[in-house]
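**Q** The structure's right below; bear with me while I get my questions together.
The values are calculated or read from the model by the stated rules, or taken from the named source; none is laboratory data. Computed from a predicted model, the values in this text were never measured in an experiment. Cβ atoms come from the backbone with ideal geometry, glycine included; neighbour counts cover every protein chain shown. With ligands, DNA and RNA removed, areas are computed over all heavy atoms of the protein, side chains included. Shrake-Rupley method; radii C 1.70, N 1.55, O 1.52, S 1.80 Å.
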Amino acid sequence: QVQLVESGGGLAQAGGSLRLSCAASTSISRSSFSNPMGWYRQAPGKEREMVALSNTGGVYYADSVKGRFTIARDNAKKTVYLEMNSLKPEDTAVYYCYLYIQDRENWGQGTQVTVSS
């Protein structure tokens with residue numbers, strides 16, 4: 001069973017910064033942990049969308065966050081981070097941690113990010 005524990009959401013002003021963290025609990029050893037892991041978000045009335053994803057092939061960002069958000073991971077800690085800078089009101093959403101492992105998609109419980117103008 002995989003658990004994803006997120007932290008770091010909250011309220012920020014436009015132009016501000018927030019940092020999200022997501023730690024995975026899984027039996028996969030730290031030394032071999034390189035599974036696809038990242039962040040999605042869902043705003044009210046919109047579909048869930050990929051924000052940033054890290055896997056062995058590289059790092060991928062949604063066009064709307066390129067140059068502002070940075071994803072990083074610590075495989076030894078089985079943790080992924082999302083550094084969000086120059087936040088905009090349109091970044092307001094519930095952010096979900098994502099991990100693909102053992103042929104299954106796994107999701108965190110979601111953390112709210114609200115950006116005020």
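**Q** At 0.36 nm per residue, minus the direct Cα-Cα distance, what do Asp74 and Ser86 gain on full extension? Give it in nm, one decimal, please.
**A** In short, 1.9 nm is gained.
**Q** In what sequence, highest mean first, do 97-103, 41-47 appear when ranked by Cβ atoms within 10 angstrom?
**A** Ranked from most to least packed, the peptides come out as 97-103, 41-47.
**Q** Give the long-range amide H neighbours of Thr92: residues separated by 5 or more places, or on another chain, with amide H under 5 Å away, using H modelled in the peptide plane at 1.01 Å from N.
**A** For Thr92, whose amide H was placed from the backbone, the distant partners under 5 Å are Val115.
**Q** Sticking with this structure for a sec: Tell me whether the chain comes out rounded, prolate or oblate; compute the Cα gyration tensor, take square roots of the eigenvalues as a ≥ b ≥ c, and use a/c under 1.5 as the rounded threshold.
**A** Prolate.
**Q** I would also like to ask the following. Shape verdict for region 5-68, please, from the Cα gyration tensor: rounded (a/c under 1.5), prolate (a/b greater than b/c) or oblate.
**A** prolate
**Q** Further question: With each label point set 7 Å from Cα along the Cα-Cβ vector, what nm distance links Met50 and Asp63?
**A** 1.5 nm
**Q** Still on this model: Kindly write out, for region 13-28 in residue order, the coupling ³J(HN,Hα) from the Karplus curve 6.51 cos²θ - 1.76 cosθ + 1.60 (θ = phi - 60°), rounded to whole Hz, with x marking Gly and Pro.
**A** Per-residue couplings from phi come out as 8, 4, x, x, 9, 9, 10, 9, 10, 9, 10, 9, 9, 7, 7, 4 Hz.
**Q** While we're on this one: Tell me, what is the 1.4 Å probe accessible area of Arg48, in Å² to the nearest 10?
**A** Here the accessible area works out near 90 Å².
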